[in-house]
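Trainee: Once you've had a glance at the structure underneath, I'll fire off some questions.
The values are calculated or read from the model by the stated rules, or taken from the named source; none is laboratory data. Worth saying up front: this structure is predicted, and the values here are computed from it rather than measured. Cβ: placed from backbone, ideal geometry, glycine included. Neighbour counts: every protein chain shown. To get the accessible areas, we keep the full protein, side chains included, count just its heavy atoms, and leave off ligands, DNA and RNA. Shrake-Rupley method; radii C 1.70, N 1.55, O 1.52, S 1.80 Å.
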Amino acid sequence: MLKLIIGNRAYSSWSFRGWLACKQSGEEFEELVVPMFDADWEKRREGDEFAPSLGKVPILWDGDCVVWDSLAIIEFLADRNGRELFWPEDDGARGMARSMAAEMHSSFAALRRELPMNVRKSFATREFEGEVRGDIERIMQLWAQARARHGGTGDFLFGDWSAADIMFAPVVTRFITYGVPVPPFAAVYMKAVLSHPHVAEWIDQAQDEPWVIEKYETPA
(Lines give C-alpha, C1' and ligand atoms only; values in the text may rest on other atoms or scores of the structure.)
Protein backbone atom coordinates (compact mmCIF):
# COMPACT_ATOMS: atom_id res chain seq x y z
CA MET A 1 0.00 0.00 0.00
CA LEU A 2 1.13 3.56 -0.66
CA LYS A 3 2.35 5.53 2.35
CA LEU A 4 1.99 9.32 2.44
CA ILE A 5 3.86 11.39 5.02
CA ILE A 6 2.27 14.78 5.63
CA GLY A 7 2.57 17.72 8.01
CA ASN A 8 -0.15 19.33 10.09
CA ARG A 9 -3.45 19.56 8.25
CA ALA A 10 -4.10 22.98 9.71
CA TYR A 11 -0.98 24.57 8.23
CA SER A 12 0.72 22.44 5.56
CA SER A 13 -0.47 23.57 2.15
CA TRP A 14 1.89 21.27 0.24
CA SER A 15 0.79 18.28 2.30
CA PHE A 16 -2.80 19.26 1.49
CA ARG A 17 -2.04 19.07 -2.23
CA GLY A 18 -0.27 15.72 -1.97
CA TRP A 19 -3.10 14.26 0.09
CA LEU A 20 -5.75 15.53 -2.34
CA ALA A 21 -3.81 13.88 -5.16
CA CYS A 22 -3.79 10.55 -3.34
CA LYS A 23 -7.52 10.82 -2.67
CA GLN A 24 -8.17 11.65 -6.31
CA SER A 25 -6.20 8.60 -7.45
CA GLY A 26 -8.69 6.26 -5.79
CA GLU A 27 -5.87 4.13 -4.41
CA GLU A 28 -5.78 3.08 -0.78
CA PHE A 29 -2.94 4.69 1.12
CA GLU A 30 -1.59 4.87 4.63
CA GLU A 31 -1.04 8.36 5.96
CA LEU A 32 1.41 9.46 8.62
CA VAL A 33 0.92 12.94 10.08
CA VAL A 34 4.16 14.42 11.40
CA PRO A 35 3.69 17.55 13.56
CA MET A 36 5.85 20.32 12.12
CA PHE A 37 8.27 22.31 14.26
CA ASP A 38 7.63 20.39 17.48
CA ALA A 39 10.47 19.30 19.79
CA ASP A 40 11.22 16.20 17.70
CA TRP A 41 10.81 17.78 14.26
CA GLU A 42 14.50 18.16 13.38
CA LYS A 43 15.41 14.72 14.72
CA ARG A 44 12.51 13.11 12.85
CA ARG A 45 13.56 14.75 9.59
CA GLU A 46 16.94 13.04 9.82
CA GLY A 47 15.31 9.62 9.48
CA ASP A 48 15.57 7.49 6.37
CA GLU A 49 11.94 8.09 5.36
CA PHE A 50 12.65 11.84 5.09
CA ALA A 51 16.12 11.64 3.56
CA PRO A 52 15.17 11.79 -0.15
CA SER A 53 13.26 15.08 0.30
CA LEU A 54 15.75 16.67 2.72
CA GLY A 55 13.10 16.57 5.41
CA LYS A 56 10.26 18.23 3.50
CA VAL A 57 6.68 16.98 3.32
CA PRO A 58 4.73 15.52 1.61
CA ILE A 59 6.58 12.32 0.78
CA LEU A 60 4.94 9.38 -0.96
CA TRP A 61 6.42 5.88 -0.65
CA ASP A 62 5.45 2.90 -2.80
CA GLY A 63 7.65 0.12 -1.48
CA ASP A 64 11.19 1.26 -2.28
CA CYS A 65 9.94 3.90 -4.72
CA VAL A 66 9.79 7.39 -3.24
CA VAL A 67 8.22 10.54 -4.68
CA TRP A 68 8.30 13.93 -3.01
CA ASP A 69 6.97 17.35 -3.98
CA SER A 70 3.24 17.74 -4.53
CA LEU A 71 3.34 18.27 -8.28
CA ALA A 72 5.58 15.22 -8.74
CA ILE A 73 3.14 13.18 -6.64
CA ILE A 74 0.28 14.30 -8.90
CA GLU A 75 2.17 13.21 -12.01
CA PHE A 76 3.27 9.92 -10.45
CA LEU A 77 -0.32 9.05 -9.56
CA ALA A 78 -1.58 10.19 -12.98
CA ASP A 79 0.88 7.77 -14.61
CA ARG A 80 -0.37 4.94 -12.37
CA ASN A 81 -4.10 5.58 -12.52
CA GLY A 82 -4.81 7.48 -15.71
CA ARG A 83 -4.17 11.02 -16.85
CA GLU A 84 -7.90 11.67 -17.16
CA LEU A 85 -8.26 11.55 -13.36
CA PHE A 86 -6.03 14.61 -13.02
CA TRP A 87 -5.93 16.56 -16.29
CA PRO A 88 -8.52 17.75 -18.82
CA GLU A 89 -8.96 15.63 -21.93
CA ASP A 90 -8.82 18.55 -24.38
CA ASP A 91 -5.26 19.41 -25.43
CA GLY A 92 -5.74 23.15 -25.05
CA ALA A 93 -7.38 22.85 -21.66
CA ARG A 94 -4.75 20.38 -20.48
CA GLY A 95 -1.92 22.66 -21.59
CA MET A 96 -3.43 25.58 -19.72
CA ALA A 97 -4.13 23.47 -16.63
CA ARG A 98 -0.52 22.27 -16.54
CA SER A 99 0.74 25.83 -16.93
CA MET A 100 -1.44 27.08 -14.10
CA ALA A 101 -0.41 24.21 -11.83
CA ALA A 102 3.25 24.91 -12.57
CA GLU A 103 2.84 28.64 -11.93
CA MET A 104 1.15 27.91 -8.61
CA HIS A 105 4.02 25.58 -7.80
CA SER A 106 6.77 28.09 -8.51
CA SER A 107 5.29 31.54 -7.85
CA PHE A 108 3.29 33.67 -5.41
CA ALA A 109 6.02 33.95 -2.77
CA ALA A 110 4.47 37.04 -1.18
CA LEU A 111 1.10 35.35 -0.81
CA ARG A 112 2.71 32.32 0.83
CA ARG A 113 4.74 34.53 3.18
CA GLU A 114 2.04 37.01 4.20
CA LEU A 115 -1.00 34.69 4.14
CA PRO A 116 0.20 31.32 5.54
CA MET A 117 -2.39 28.57 5.52
CA ASN A 118 -4.45 28.01 8.65
CA VAL A 119 -7.76 26.26 7.97
CA ARG A 120 -8.84 26.66 11.60
CA LYS A 121 -8.74 30.46 11.65
CA SER A 122 -10.72 33.37 10.25
CA PHE A 123 -9.15 36.83 10.48
CA ALA A 124 -10.71 40.23 9.92
CA THR A 125 -10.62 41.54 6.35
CA ARG A 126 -7.88 44.07 5.68
CA GLU A 127 -6.31 45.89 2.76
CA PHE A 128 -3.72 43.98 0.77
CA GLU A 129 -1.03 45.96 -1.01
CA GLY A 130 2.19 45.59 -2.94
CA GLU A 131 3.37 42.14 -3.95
CA VAL A 132 0.55 40.39 -2.10
CA ARG A 133 -2.03 42.40 -4.02
CA GLY A 134 -0.21 41.55 -7.22
CA ASP A 135 -0.32 37.83 -6.41
CA ILE A 136 -4.04 37.99 -5.63
CA GLU A 137 -4.77 39.83 -8.87
CA ARG A 138 -2.73 37.33 -10.89
CA ILE A 139 -4.62 34.41 -9.37
CA MET A 140 -7.92 36.09 -10.21
CA GLN A 141 -6.72 36.49 -13.81
CA LEU A 142 -5.78 32.81 -14.03
CA TRP A 143 -9.06 31.63 -12.56
CA ALA A 144 -11.06 33.92 -14.84
CA GLN A 145 -9.23 32.73 -17.97
CA ALA A 146 -9.65 29.07 -17.09
CA ARG A 147 -13.34 29.42 -16.32
CA ALA A 148 -14.03 31.51 -19.43
CA ARG A 149 -12.13 29.27 -21.83
CA HIS A 150 -12.62 25.79 -20.43
CA GLY A 151 -14.98 25.86 -17.44
CA GLY A 152 -18.06 24.96 -19.44
CA THR A 153 -20.98 23.96 -17.25
CA GLY A 154 -18.78 22.44 -14.53
CA ASP A 155 -18.03 23.98 -11.15
CA PHE A 156 -14.24 23.94 -11.31
CA LEU A 157 -11.49 25.70 -13.24
CA PHE A 158 -11.68 23.28 -16.16
CA GLY A 159 -15.17 22.00 -15.58
CA ASP A 160 -14.41 18.80 -13.70
CA TRP A 161 -12.17 18.60 -10.62
CA SER A 162 -8.55 18.42 -11.79
CA ALA A 163 -4.95 18.80 -10.72
CA ALA A 164 -5.27 22.55 -11.25
CA ASP A 165 -7.96 22.70 -8.56
CA ILE A 166 -5.81 20.55 -6.29
CA MET A 167 -2.94 23.03 -6.65
CA PHE A 168 -5.15 26.04 -5.93
CA ALA A 169 -7.24 24.50 -3.12
CA PRO A 170 -4.91 25.81 -0.36
CA VAL A 171 -5.17 29.28 -1.92
CA VAL A 172 -8.94 29.08 -1.59
CA THR A 173 -8.60 28.35 2.13
CA ARG A 174 -6.14 31.23 2.50
CA PHE A 175 -8.60 33.63 0.87
CA ILE A 176 -11.27 32.50 3.33
CA THR A 177 -8.96 32.69 6.36
CA TYR A 178 -7.84 36.25 5.58
CA GLY A 179 -11.13 37.55 4.20
CA VAL A 180 -9.67 38.37 0.79
CA PRO A 181 -12.32 40.17 -1.31
CA VAL A 182 -12.93 38.39 -4.61
CA PRO A 183 -15.27 38.97 -7.57
CA PRO A 184 -18.53 36.99 -7.75
CA PHE A 185 -17.27 34.35 -10.19
CA ALA A 186 -14.35 33.57 -7.86
CA ALA A 187 -16.64 33.35 -4.83
CA VAL A 188 -18.74 30.75 -6.66
CA TYR A 189 -15.63 28.79 -7.57
CA MET A 190 -14.29 28.95 -4.02
CA LYS A 191 -17.59 27.64 -2.65
CA ALA A 192 -17.38 24.68 -5.04
CA VAL A 193 -13.82 23.90 -3.90
CA LEU A 194 -14.74 24.06 -0.22
CA SER A 195 -17.72 21.79 -0.90
CA HIS A 196 -15.63 19.13 -2.61
CA PRO A 197 -15.75 16.06 -0.32
CA HIS A 198 -11.97 15.63 -0.19
CA VAL A 199 -11.39 19.28 0.71
CA ALA A 200 -14.16 19.20 3.30
CA GLU A 201 -12.69 16.02 4.83
CA TRP A 202 -9.22 17.58 5.16
CA ILE A 203 -10.56 20.74 6.81
CA ASP A 204 -12.79 18.74 9.15
CA GLN A 205 -9.91 16.54 10.30
CA ALA A 206 -7.70 19.59 10.84
CA GLN A 207 -10.08 20.89 13.50
CA ASP A 208 -9.22 18.00 15.82
CA GLU A 209 -5.44 18.25 15.59
CA PRO A 210 -3.85 18.93 18.99
CA TRP A 211 -0.84 20.84 17.65
CA VAL A 212 -0.59 24.62 17.48
CA ILE A 213 2.12 26.66 15.74
CA GLU A 214 1.85 30.10 17.31
CA LYS A 215 3.39 32.08 14.45
CA TYR A 216 0.50 30.97 12.20
CA GLU A 217 -2.18 31.87 14.71
CA THR A 218 -2.12 35.63 14.12
CA PRO A 219 -2.12 37.62 10.86
CA ALA A 220 1.37 38.24 9.47
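Trainee: So for the chain: antiparallel DSSP bridges make up what percent, rounded to the nearest 5?
Mentor: 65
Trainee: Continuing with this model, one more query. Could you give the longest part of the chain that holds none of the GluC sites (Glu not before Pro) found in DSSP loops with at most 10 neighbouring Cβ atoms within 10 Å?
Mentor: Within the chain, the longest run free of exposed GluC sites (Glu not before Pro) spans 130-220.
Trainee: Okay, moving on. Let a ≥ b ≥ c be the square roots of the eigenvalues of the Cα gyration tensor of region 1-129; is it rounded (a/c under 1.5), or, if not, prolate (a/b larger than b/c) or oblate?
Mentor: Oblate, since a/c reaches 1.5 and b/c is not below a/b.
Trainee: How would the chain be classified by its alpha-carbon gyration tensor: rounded, prolate or oblate, with rounded meaning a/c under 1.5 and the a/b versus b/c comparison settling the rest?
Mentor: oblate
Trainee: Using 0.36 nm per residue, how much length does the chain from Thr125 to Gln145 gain when fully extended, once their Cα-Cα distance is taken away? Walk me through the numbers on the way to the answer.
Mentor: Details: separation 20, 0.36 × 20 = 7.20 nm, distance 2.59 nm.
Using 0.36 nm per residue and subtracting the Cα-Cα distance, I get 4.6 nm.
Trainee: Shifting gears a bit: Could you tally the net charge around Asp64, taking each other residue with its Cβ under 13 Å from the Cβ of Asp64, Lys/Arg +1 and Asp/Glu -1?
Mentor: So the environment of Asp64 carries a net charge of -2.
Trainee: Among Thr218, Trp87, Thr125, which residue has its Cα positioned farthest towards the positive end of the charge dipole of the chain, with +1 placed on the Cβ of Lys and Arg, -1 on the Cβ of Asp and Glu, and the dipole taken about the Cα centre?
Mentor: Sorting the options by dipole projection puts first Thr125.
Trainee: At 1.4 Å probe radius, can you tell me the per residue accessible area of the chain in Å²? Could the numbers behind the result be given before it?
Mentor: Working: 10320 Å² over 220 residues.
Per-residue value: 47 Å².
Trainee: Taking a ≥ b ≥ c as the square roots of the eigenvalues of the Cα gyration tensor of region 60-170, is the shape rounded (a/c under 1.5), prolate (a/b larger than b/c) or oblate?
Mentor: oblate
Trainee: Pick out, in residue order, every one of the trypsin sites (Lys or Arg not before Pro) in region 105-158 that is DSSP loop and has at most 13 other C-beta atoms within 10 Å; say none if there are none.
Mentor: Arg126
Trainee: Expressed as a whole percentage, what fraction of the accessible surface of region 95-213 belongs to carbon and sulfur atoms when a 1.4 Å probe is rolled over the protein heavy atoms?
Mentor: Carbon-and-sulfur percentage of accessible area, whole number: 52.
Trainee: What relative contact order, as a whole-number percentage, does region 1-50 give when Cα pairs under 8 Å and 6 or more residues apart are counted? Numbers along the way, then the final one.
Mentor: Values: 44 pairs, mean separation 21.5, N = 50.
Reported relative contact order: 43 percent.
Trainee: Roughly how big is the chain's charge dipole about its Cα centre, with Cβ charges of +1 (Lys, Arg) and -1 (Asp, Glu), in debye to the nearest 20? Show your work: numbers first, answer last.
Mentor: Details: 24 positive and 35 negative charges, 146 e Å.
Using only the charged Cβ atoms, the result is roughly 700 debye.
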